[in-house]
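Down below is the structure, laid out as structure tokens.
The values are calculated or read from the model by the stated rules, or taken from the named source; none is laboratory data. From a predicted model like this one, the values you see are computed outputs, not experimental measurements. Cβ placement follows ideal geometry from the backbone for every residue including glycine, while neighbour counts extend to all protein chains displayed.
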Amino acid sequence: MKEQLVLGIDLGGTYTKIGVVTKDGSIIATRKFKTGAKAPFPDFLKNLERELSGLKDTLDSSHELIAIGIGAPNANANSGNMEQAPNFRWGDAVPIVSEVEKILRLPVAIANDANASALGEQQFGMGKGMDNFVVITLGTGLGSGIISHGKLLTGAHGMAGELGHVNVDPSPNARQCNCGLKGCLETYVSVTGMRRTIFELIAEMRDDSPLRSISFEEMTGEIISDCALNGDPIALKAFEKTAETLGVQLADTAAHLDPEAFILLGGLSKAGDILLKPTIASMERNLFNAYTGKIRVLISDTPGDNAVLGPAALGWQRITDG
């Protein structure tokens, strides 16, 4: 009898990762390629088809792909489209599900990338045994996925969990977000937001730092985290400012949802306690006292290479729910 597998596609603003995953979360094979968010959508489809072909060649006759799960920014689970994704130039309503179905002719489920990550944490990771938690993804942007009473919260329009676009700065000088609004959380708390903070600090601070010689586009979350872990004063100050903002928003979100925990993942989370400790301190200072000391903030222990687990969990749910 063939072993059934699900294909997970993690469509990020910088890279797309694909992988085949068993029902217990074992990853059989993965591939990674540049998304090309600023290039035309058909270019992405060509690259995806090429990488999928290469991935399928690594499987043998004992394996059977039965479904596909896709995590993508601003994905609408109801329409199957990626809608008005702020960091992409593919159009306002991109038919991801229908185009991927044409390539592999398998059932496809899609969700906001952070929603998919929340399912992955629930099924395979730190969310096991929790019924109420929030996943925060700190990548190119900031995404969030909400598990409430054991179920993924999707909302009336299939778009729940856009915490990256709550306003944290109503001033006229607030940072411009790619979504068209100003002062969005992800313009301060994300890899892109951290880059902006670091470039402001480079202008303000005199300290030597390897960050001074890195271009805006080349400055990844991992690079920023590594610099902070090595004691770089500019990176450390950037994390301090970022953690303060993030902690305040976690406190606000706690007032809405009363979660058991927040789970952080993505490039910035690689800094570990440098991000975690000041974020917790900021959250606790701003929490409604009924929640004080009750809500955990955790960093996912799922390696970055395992980003396909969330979309794969979505694919398995598609098979289960029919």
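Given the conditions (1) of a type in the set (A, V, I, L, M, F, W, C); (2) at pLDDT 95 or above; (3) closer than 21 Å to Thr137 by Cα; (4) surrounded by fewer than 22 Cβ atoms within 10 Å (Cβ to Cβ), report the number of the one that Ile70 does not fulfil.
(4)
Applying the selection to segment 29-47, what residues are of a type in the set (A, V, I, L, M, F, W, C) and touching a helix residue (DSSP H, G or I) at 6+ places or on another chain (Cβ under 7 Å)?
Across segment 29-47, the qualifying residues are Ala29, Phe33, Leu45.
What number of residues within segment 149-158 are crowded, with 18+ Cβ neighbours inside 10 Å and either in a loop (DSSP other than H, G, I, E, B) or touching a residue at least 60 places away in the same chain (Cβ under 8 Å) (or both)?
2
If you go through segment 11-35, how many residues are closer than 17 Å to Asp113 by Cα and either outside any strand (DSSP E or B) or of a type in the set (D, E, K, R) (or both)?
Summing the residues that are closer than 17 Å to Asp113 by Cα and either outside any strand (DSSP E or B) or of a type in the set (D, E, K, R) (or both) in segment 11-35 gives 7.
Residues are listed down the side, and each one gets a yes or a no for (1) surrounded by 21 or more Cβ atoms within 10 Å (Cβ to Cβ); (2) without any contact (Cβ under 8 Å) to a residue 12 or more places away in the chain; (3) in a loop (DSSP other than H, G, I, E, B); (4) in contact with a Leu (Cβ under 9 Å, 6 or more places away or on another chain):
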| site | (1), (2), (3), (4) |
| --- | --- |
| Met130 | no, no, yes, no |
| Thr140 | yes, no, yes, no |
| Ile147 | yes, no, no, yes |
| Gly164 | yes, no, no, yes |
| Pro172 | no, yes, yes, no |
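Looking at segment 88-100, can you tell me whether even one residue there is within 18 Å of Glu162 (Cβ to Cβ), outside the structural domain of Gly266 (by TED's automatic domain parsing), of a type in the set (A, V, I, L, M, F, W, C) and part of a strand (DSSP E or B)?
yes
Which condition breaks for Cys179 when tested against (1) buried (at least 24 other Cβ atoms within 10 Å of the Cβ); (2) outside any strand (DSSP E or B); (3) among the hydrophobic types (A, V, I, L, M, F, W, C)?
(1)
Somewhere in segment 97-114, is a residue within 17 Å of the chain's Cα centre (by Cα) and of a type outside the set (A, V, I, L, M)?
Scanning segment 97-114, I find at least one residue that is within 17 Å of the chain's Cα centre (by Cα) and of a type outside the set (A, V, I, L, M), so the answer is yes.
Condition first: polar (S, T, N, Q), buried (at least 17 other Cβ atoms within 10 Å of the Cβ), within 23 Å of Arg195 (Cα to Cα) and touching a residue at least 40 places away in the same chain (Cβ under 8 Å). Can you find one or more residues in segment 268-283 that meet it?
yes
Please specify each residue of segment 279-307 satisfying the condition of being in contact with a Leu (Cβ under 8 Å, 6 or more places away or on another chain), under 18 Å from Glu121 (Cβ atoms) and not small (Gly, Ala, Ser).
If the condition is that a residue be in contact with a Leu (Cβ under 8 Å, 6 or more places away or on another chain), under 18 Å from Glu121 (Cβ atoms) and not small (Gly, Ala, Ser), then Thr279, Ile295, Val297, Leu298, Ile299, Thr302 are the ones that fit.
Restrict the check to segment 52-67 and report whether at least one residue is in a strand (DSSP E or B) and surrounded by 18 or more Cβ atoms within 10 Å (Cβ to Cβ).
yes
What pairs can you find where one residue is in segment 89-108 and over 22 Å from Gln4 (Cα atoms), the other is exposed (fewer than 14 other Cβ atoms within 10 Å of the Cβ), and their Cβ atoms are less than 9 Å apart, with a gap of 6+ or different chains?
Arg89/Lys38; Arg89/Pro40; Trp90/Pro40
Pairs needed: first member in segment 27-43, farther than 13 Å from Asn87 by Cα; second member anywhere, of a type in the set (D, E, K, R); C-beta distance under 7 Å; at least 6 residues apart or different chains.
Between residues of segment 27-43 that are farther than 13 Å from Asn87 by Cα and residues that are of a type in the set (D, E, K, R), the close pairs are Thr30/Lys17; Thr30/Asp305; Arg31/Glu51; Lys32/Lys17; Phe33/Glu51.
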